[in-house]
Structure formats: structure tokens, C-alpha cells
């Protein structure tokens, strides 16, 4: 008798869990607003990528064409596959020779978007951008110089 | 008869195209996706493109395969689906074969399909195919019992195996309402067991793509693969149509004996719409099952049949016979 009651209980709980599962999928079926698929080329204008999406490395410039990169090469060291190349120069600041970047070279074709260079930067000069349409017809276009021509380092960044 | 044959062939092709599209779209909505969207408006031409692709593909045959049986298997499956479909009552008088043992005939024909599956698995000379085919055999033979018994539960009430008589007997109300508790239990068992009989998820042990690549049709390609695919959808339609005919009144409109006016309004909807409406409702239920539940293990599958469905349906048919003798059904 006891085993028979257990048998009936099993059927009841089994059916209950099945109905529970079906109600979840039924809710999804009847609520098309929940659909998470994005129609990419169509929604290109309104597409908003996610904050943590890693598209490419950019060097931030403010409105005075000034960046925060000191040319310390910490990102170059942190990069596991030699994507970043810092070409530095010496400039005169108040009579002293100070290291500064001449060119921040970024080889996009080698970048795996691991993002290790971002926390390595002591002055938060570089960030990962959300852009992802990187296809070009010429491979040489993938090698980018991230600092704008004529840009200089911000005051007070050492 | 030739016209009927051509009509069934056209119906078969349309069913395949429509059901594959429906399956892909419905499964997408259950999983918060959009499904096919590119080919045609809302992806409506997607299955036509798929058919053209399958027609142009190379029909590859395994080197060590038994070529005769390998080529025969898809046709056995297709023929069994055709034979079963021939006896379905689509509307009043719109039925190719009206046997007096209609239900028996359909369940016999739909189980011939397992021969095709076994042939496919055996002739492919592939261990995955063979395991899949053996599983399909064990599964279909087991679940056939429950399907048969749940159909017999209603046959107790109708007193006839002829499909047209069964539909006519539901003019005052469908058996699922008139047979109340035992009919509802039988309907539930029928839904579960027939899903298993068509080898669809959560009972798609025969395919089990995560363990057996694709089960019995691993080695098939091109149109022969498409035949298996088509037969699966045709079997799903047949099973849903039997369920609709026996439990939900087939082409019979929804009638409540007390309300004559309501019944007349219902009669304005043509029978063929009722039939396809009920059938597509059941197909939708089967798709809902497939895209909700995880696949069962083979031992769980057989436990479900032999320890749960079969004893319950045996008790249920006894209960129904008692009810029928006492005249307690409506």
C-alpha cells in the first residue's frame, strides 16, 4: 500500500514538474517581446553593443587633442602576442628630457581582444571600444597608429 | 483512385514544407529566437530553398553498406506513412479508404515504419546507426501498446473501429468531454505515447544527436535523408490526426446538445477546417513537448512505458469499460 502511494506521488510530482516546464516555455512563446535575437545588418543604425564588449583598443583623446599616455610601455609588456608597439621619443619639458610617445602602433590583425593591456595601463589612457566592423580589403590598413597627429600628453600625467 | 493518390502526394509535399517551417519557427519562439528570417518575408521560403538544396546534394552511399537495403529503407518509411494517411477521415466522405477496422489498420501501418528504421540502421554498417535503430525498435514496440490501449479506451464507447463511425458518434460532443475522467487520462497517455512513437523529442533516443550523431540516418544524405525527415513529419501529422479523430471529434464541429443555435453557428465552419485545426493543435502540443523537455535516457524511457503508462492504461480501460456498462458517460 505504501509503495502504491509512493507510485501515485511520483506520477503527481512528475506531471507537476512537466507542467511547470511547459508554462515557462509557454510564457516565452506568447511573449515575443522577450526575443533576444538581433537582426544585425538591418538594425545597424540603432545597434548598441554591450559595455563589456571588447572590439578594439583606442587611445582616448580629449577636446584639446591631449591623451594620457606616458609611453611607459606597460601595455606592450602586458600584451601576449605583440599587438602593441610603443615608439617613444624624448621631449624637453622645463629643461629636462622626458620620455613621451612618438607613435602608439596597434596591430589589429594580431589582437585577440583579450583586454590585458587595459588594466596594465597606469594612467588609464587606453580603453576597449565597442566597434566590431573591422573588415578591410588591404591588410596594411589593420596596422593603426592610435595617437592623433599633433597630440600631446595632458598636463599633470606622469 | 489515381486522383486520390496524386492528392495524397501533393498533401505530403505540402505537409513537409509547412511543418518544417512551423517547427523551425515555433521552436525558435520557444527558445527566445526568431528562427528563419532571411529567405522571403519572415523566412517563409526557407523550406523551399532547403528542398532545392537537398535535391541537388550528392546521394552518398557508404562503401561497406548493404546497397539494396540502404536504398530501400527510406521508401519503406515513406510507404508506411502513405498507407497510414490513406485511411484518415479529412471531412464527411473525404476519406480514401474507410475500412471497418480503420484504427487497427492505421496503428498497424504506422508501425511498419520501424522496419524502415531498422533496415536503415542495419544496412548503414555503422555502429551509431545500428544502436539508434535498435533503440527505435525497442521504443516503438513498447509505446505501440500504450497507443493501442488508449485508443481502445475510446473504442469501448464507440463500439466500432471504423473511423467514419467514430467521428459520427461524436456529433453530440467529443469523446474527451463525454468520456470525462478515463477519456482524459487516455488522451494524456495517447499524447505521450504517440510522441514517443514518432521518435520525436523528448523521446528521440533513435536520433540522439549528442551521443549517436544522428542515429539511424547518420549515413544518409540528399533526398534519401529528406525522405526520413519528411516521414517523421508525416508520422507526426498522422498521429495528431488520429488523436484529433478519436478524442476530439475529427471533422465534427464542436456541439453542445442543449444549445441548438450555438451548434448551428459551429456548423458554418467547414469540417476540413475543424479537422486541420484540431490536428494542428495536437501538432503544436507535440512541438511544445519537444522544445521544453530534456531527452530521456533509454532506461528511463522503457521505465516510463512499462512501469507507468502501460499499467495506467490497463486500469484505465477497465475503468472505462465499467463506466460504459453503468452508462455513466454522457
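A few points about this structure:
- Residue match in segment B:24-39 (condition: away from every other protein chain (no Cβ under 14 Å) and either in a helix (DSSP H, G or I) or surrounded by 19 or more Cβ atoms within 10 Å (Cβ to Cβ) (or both)): no
- Residue check, residue B:244 in the same structural domain as residue B:83 (by TED's automatic domain parsing), part of a helix (DSSP H, G or I), modelled with pLDDT of 80 or more and under 16 Å from residue B:92 (Cβ atoms): yes
- Against the test of being without any contact (Cβ under 8 Å) to a residue 60 or more places away in the chain and either farther than 18 Å from residue A:62 by Cα or in a strand (DSSP E or B) (or both), the options A:119, A:149 yield a single qualifying residue, A:119.
- Total residues in segment B:279-308, condition within 21 Å of residue B:145 (Cβ to Cβ), at the interface with chain A (Cβ under 10 Å from one of its Cβ atoms) and under 18 Å from the mean Cα position of the chain (by Cα): 1
- Test: residue B:309 is buried (at least 20 other Cβ atoms within 10 Å of the Cβ) and within 23 Å of residue A:20 (Cα to Cα): yes
- Condition check for residue B:258: away from chain A (no Cβ under 14 Å) and either closer than 26 Å to residue B:140 by Cα or part of a helix (DSSP H, G or I) (or both): no
- Checking each residue in segment A:14-61 for being surrounded by 12 or more Cβ atoms within 10 Å (Cβ to Cβ) and more than 14 Å from chain B (Cβ to nearest Cβ) picks out A:47, A:49, A:53, A:54, A:55, A:56, A:57, A:58, A:59, A:60, A:61.
The values are calculated or read from the model by the stated rules, or taken from the named source; none is laboratory data. Quick caveat, the model's predicted, so the values are computed rather than measured. Using ideal geometry, Cβ is built from the backbone for each residue, glycine included, and neighbour counts are taken over all protein chains shown.
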